[in-house]
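Contents: one structure, followed by commentary.
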Amino acid sequence: MNKFIKLFFVALFAALSFSLTSCGDDDEDAPDGALAGTWRWTYNDPDDGYCTTTLEFKSNNRCVVTETFGNYPEDNYSIEVNYSVSGNVNDTARLRMWGKTVDDDWNDGTCVINVTGDKMTMYNDDDDIVVFTRIK
């Protein structure tokens, strides 16, 4: 069970750098239309089943993060966090997400993202890569 909770942080916040970032200047771009929408990443573990992370980026700089656990539905959850984007997501952009976790802890992290068609690739400072697929 702990494996899936940690997987969330691998999929999202571990894909983000976990490093605290300072507040951005006014140079942050408005959210790009290429990012708006719903994105999904699914991890399948042969022993524990699947975990799906869904990110719904809204135009008000809020993102709904939903975790679904195949073998542990009692651990499913959905939270809403803030996000900002610096740069062009169709090239290279920095995505910052911050807010309360499901355990009511504060988290703040950044990663580099690139959107190509229906794929959003996230890279963190540790060279971890997670590829989300647009579902709407």
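Placing unit charges on each Cβ (+1 for Lys and Arg, -1 for Asp and Glu) gives segment 76-136 a dipole about its Cα centre, and among C111, S86, G99 the Cα reaching farthest toward its positive end belongs to S86. According to the square roots a ≥ b ≥ c of the eigenvalues of the Cα gyration tensor, what is the shape class of segment 39-95, taking rounded for a/c under 1.5, prolate for a/b larger than b/c otherwise, and oblate for the remainder? Verdict is oblate for segment 39-95. Along segment 89-103 the Karplus relation, 6.51 cos²θ - 1.76 cosθ + 1.60 evaluated at θ = phi - 60°, assigns HN-Hα couplings of 5, 7, 10, 9, 9, 9, 10, 10, 10, 8, x, 7, 7, 4, 8 Hz to successive residues, with x for each Gly and Pro. Accessible surface of V131, taken over heavy atoms with a 1.4 Å probe and every protein chain present, rounds to 60 Å².
Segment T116..S86, full-extension length gain: 9.1 nm, with 0.36 nm per residue of separation and the alpha-carbon distance subtracted. The peptide list 54-63, 40-49, put in order of mean Cβ contacts within 10 Å with the highest first, becomes 54-63, 40-49.
Dimensions of segment 33-136 based on its C-alpha atoms, expressed as ranges along the principal axes with the largest first, amount to 38, 29, 28 Å.
The values are calculated or read from the model by the stated rules, or taken from the named source; none is laboratory data. Predicted model only: the values in this text are computed from it and were never measured. A quick note on method: Cβ atoms are made from the backbone with ideal geometry, for glycine too, and the neighbour counts reach across all protein chains shown. We work out accessible area using only protein heavy atoms, side chains counted, and drop any ligands, DNA or RNA first. Shrake-Rupley method; radii C 1.70, N 1.55, O 1.52, S 1.80 Å.
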